[in-house]
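Visitor: Dropping a structure here in structure tokens format, bear with me for questions.
Computed from the coordinates by the stated procedures, all read-outs in this text should not be read as laboratory data. Fair warning: this is a prediction, and the values are worked out from it, not measured in the lab. We place every Cβ from the backbone using ideal geometry, glycine too, and count neighbours over all the protein chains shown.
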Amino acid sequence: MLESGEMHRVARSAYVQWRIEENNLESLREAVHLAPTNVVALACLARQICAQVPERYPRREMEADVLSRKAVALAPNEPEVSQIRAEISDRIGRAEKP
């Protein structure tokens, strides 16, 4: 039987996973708030931010870059994180070229 603290941790983990699977800015921001070292949440949030319209989110590339770098630093061997980091690097690189 799970103790109260462990049950809370399991429930929180499941809730964070559910918010990640929703995959929108609000849900991913909440997932990162609740689990700041969850590398998938960080990387997915970076991807969502990078996809925003520049006029409505002028700092999107900088924020996406920082979040995706943090995710890679925490889990350099996580394939999903590495893939998202590569996408963001590519997108930022294209945006900087004339």
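Visitor: Report, in debye and to the nearest 20, how large the dipole of the chain comes out about its Cα centre when Lys and Arg carry +1 and Asp and Glu carry -1 on their Cβ.
Guide: Roughly 280 debye, rounded to the nearest 20.
Visitor: Let me ask you something else. If the elastic network links every pair of Cα atoms under 10 Å, which of Pro76, Pro58, Pro36 fluctuates the most in the Gaussian network model of the chain?
Guide: Maximum fluctuation in the GNM of the chain, among the listed residues, is at Pro58.
Visitor: Also, quick follow-up: Once you order the gyration tensor axes a ≥ b ≥ c over the Cα atoms, which shape class does the range 4-96 get: rounded for a/c under 1.5, otherwise prolate or oblate by comparing a/b with b/c?
Guide: In terms of gyration-tensor shape, prolate.
Visitor: Test of understanding: in a Gaussian network model of the chain with alpha carbons linked when under 10 Å, which of Val32, Val53, Val72 would top the mean-square fluctuation ranking?
Guide: Maximum among the listed residues: Val53.
Visitor: In nm, what is the difference between 0.36 nm times the number of residues separating Asn23 and Val10 and their Cα-Cα distance?
Guide: Full extension of this stretch gives 2.6 nm more.
Visitor: Moving on. I'd like to verify something in the chain: which complete DSSP H helices, judged by Cα projection on the helix axis, reach 15 Å or more and average at least 0.5 on the Kyte-Doolittle scale?
Guide: 39-50
Visitor: How high is the relative contact order of the range 4-96, given as a whole-number percent (alpha carbon pairs under 8 Å, six or more residues apart)?
Guide: Worked out over the range 4-96, it gives 22 percent.
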